[in-house]
Amino acid sequence: MATKLLASALRQTLNKTPASSSLHRRLSTAAALTTAPPSQNDEAMTIKGLKISARPLYLDMQATSPVDPRVLDAMLPYYLARYGNPHSRTHLYGWESDQAVETARSQIADLIGASPKEIVFTSGATESNNISVKGVMKFYKEKKRHVVTTQTEHKCVLDSCRHLQQEGFEVTYLPVGNDGIVDLEKLRGSIRPDTGLVSVMAVNNEIGVIQPMEEIGKICREFNVPFHTDAAQALGKIPVDVDRWNVSLMSLSGHKIYGPKGVGALYMRRRPRIRVEAQMNGGGQERGIRSGTVPTPLVVGMGAACELAKKEMGYDEERIRGLQERLLNGVRAKLDGVVVNGSVERRYAGNLNLSFAYVEGESLLMGLKDVAVSSGSACTSASLEPSYVLRALGVDEDMAHTSIRFGIGRFTTEEEIDRAVELTVQQVDKLREMSPLYEMVKEGIDIKQIQWSQH
């Protein structure tokens, strides 16, 4: 009955959709539900004290990506009709859900060159990172007391390492170069006989740089040390191969690849076998590593997203690279003092982190209310400290405060990029007109040589 009601609602929506909506990418019946009626978009709304006339352009793909309508199509039956618990072994509902979970496991494994038996489902990359860092070190705690990671890791990896330090483990936080890439010789020199894990993020979530994964994997193999990587931002965007990278553990996320939120996966190598201490106790699901009922619709969605990513990765990468160049060239053609943070050569094209000289980052972000972007600084939180990632790169504090991360994805259009360029240029020009520092620079004064005094 519910399926019939949904189908009826979809037909009504499709019939009411105006002709202009044909411009939208028609991928499935679910796509019809993503197009809001024009009257809703015309109404101004006030959120957090800001009056917004329409929904902003979305350029924050590193935070989360929209669900691909084809992914939603794959998920819907497991909400409406095939809603069985995949761990129920006595009836059809459980069997078909279990089969769907195993299919998704194979789809994820296929994208990273792994065996389905090496995939463990979790609630997301944060949980996978916690299981990897804490789980490995606690399992081998009698012999291994040292972890090596980098200063630019995701917060959940750094916090997991700090948690281990409180329990008596030692952690080496490797610095990175000005381009955000780890120094391989420093990595090699930091490994000790009691090193139990090396953890390096594949693609940085803030600046998009791609670490030399194969080279790091070779060093870890040489010293027989397990290698963990947070690949949440790499999955489906760059080629990932667990054997070529020689990773023992890999953290994955569903909502960064046009899948649903609330689901992730952990790759755990079987040969040579890596062992972890479970961080959650319960019914022993997922081979006892992650207890709790596996959410079939979410898992199916992540599997479908991985299958689509494998088919379309090449096309997506080429198209996104073109949009990134359009954005960067458009901004630089009209503004000076624009700096790309992180390596230009070794980076994922969909992540463009820019700093704008002589502009206050908080003001720039608030002025760009018609573009959904993130700031590299922590200006949206209670802290006004600049991004720890940019500071690790050696970026000056004033430039670190002015960084904006533009995230480009599968559904980003050229029109959205052009509009983002226009709004960014307008806002930077407006703020620079009010900046006495910019006036001094235009007059040829080197502001770094000025000796400021307090009154």
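The values are calculated or read from the model by the stated rules, or taken from the named source; none is laboratory data. Computed from a prediction, not measured in an experiment: that's the story for all the values here. FYI the Cβ positions are ideal-geometry reconstructions off the backbone, even for glycines, and counts take in every protein chain you see. These accessible areas exclude ligands, DNA and RNA; they are computed on the full protein's heavy atoms, side chains included. Shrake-Rupley method; radii C 1.70, N 1.55, O 1.52, S 1.80 Å.
Here are the numbers:
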| quantity | calculated |
| --- | --- |
| Residues within the stretch 292-312 that are farther than 14 Å from Gly124 by Cα and of a type outside the set (A, V, I, L, M, F, W, C), tallied | 7 |
| Members of the stretch 44-71 that are charged (D, E, K, R) and at pLDDT 95 or above | Asp60, Asp68, Arg70 |
| Condition met for Arg326 (on the phi > 0 side of the Ramachandran plot and outside any loop (DSSP other than H, G, I, E, B)) | no |
| Residue within the stretch 385-397 that is touching an Asp or Glu at 6+ places or on another chain (Cβ under 6 Å), open to solvent by 10 Å² or more (accessible area, probe 1.4 Å) and either closer than 28 Å to Gly177 by Cβ or in contact (Cβ under 8 Å) with a residue 60 or more places away in the chain (or both) present | yes |
| Tabulated pairs, the stretch 82-109, first among the hydrophobic types (A, V, I, L, M, F, W, C), second part of a helix (DSSP H, G or I) and open to solvent by 10 Å² or more (accessible area, probe 1.4 Å), C-beta under 7 angstrom, 6+ apart or interchain | Ala100/Tyr78; Ala100/Val300; Ala104/Val300; Ala109/Pro116; Ala109/Glu118 |
| For Cys156: the one exception among (1) surrounded by 23 or more Cβ atoms within 10 Å (Cβ to Cβ); (2) within 24 Å of Asn205 (Cα to Cα) | (1) |
| Looking only at the stretch 269-304, and only at residues there that are among the hydroxyl-bearing types (Ser, Thr, Tyr) and open to solvent by less than 70 Å² (accessible area, probe 1.4 Å), the one that is modelled with the lowest pLDDT | Ser291 |
| So Thr229, is it within 18 Å of Leu72 (Cβ to Cβ) and either open to solvent by less than 10 Å² (accessible area, probe 1.4 Å) or in contact with a helix residue (DSSP H, G or I) (Cβ under 6 Å, 6 or more places away or on another chain) (or both) | no |
| Meets criteria (polar (S, T, N, Q), closer than 28 Å to Phe227 by Cβ and open to solvent by 10 Å² or more (accessible area, probe 1.4 Å)) for Gln107 | yes |
| Hits in the stretch 275-322 - residues which are of a type in the set (Gly, Ala, Ser) and either within 28 Å of Val133 (Cα to Cα) or touching a residue at least 12 places away in the same chain (Cβ under 8 Å) (or both) | Ala278, Gly282, Gly283, Gly284, Gly288, Ser291, Gly292, Gly301, Gly303, Ala304, Ala305, Ala309 |
| Subset of the stretch 258-273 [under 17 Å from the mean Cα position of the chain (by Cα), part of a loop (DSSP other than H, G, I, E, B) and either among the hydroxyl-bearing types (Ser, Thr, Tyr) or over 13 Å from Thr64 (Cα atoms) (or both)] | Tyr258 |
| In the stretch 154-168, residue nearest to Gly342 (Cα to Cα) [restricted to those that are outside any helix (DSSP H, G or I) and not charged (D, E, K, R)] | His154 |
| Elements of type strands (runs of 3 or more DSSP E) in the stretch 169-238, at least 2 residues being among the polar types (S, T, N, Q) | 195-199 |
| Check on Gly177, modelled with pLDDT of 95 or more and either open to solvent by less than 10 Å² (accessible area, probe 1.4 Å) or touching a strand residue (DSSP E or B) at 6+ places or on another chain (Cβ under 8 Å) (or both) | no |
| Long-range neighbours under 8 Å by Cβ, at least six apart or interchain, first residue open to solvent by 80 Å² or more (accessible area, probe 1.4 Å) within the stretch 410-434, second in a helix (DSSP H, G or I) | Glu414/Leu323; Glu414/Arg326; Lys430/Gly367 |
| The lone exception for Asp336 - which of (1) part of a loop (DSSP other than H, G, I, E, B); (2) of a type outside the set (A, V, I, L, M); (3) at pLDDT 95 or above it fails | (3) |
| Filtered residue count, the stretch 339-372, keeping only those that are in contact with a strand residue (DSSP E or B) (Cβ under 9 Å, 6 or more places away or on another chain) and not in a helix (DSSP H, G or I) | 21 |
| Given (1) out of contact with any Lys or Arg (no Cβ under 7 Å at 6 or more places or on another chain); (2) over 30 Å from Pro272 (Cβ atoms), index of the condition Ala104 fails | (2) |
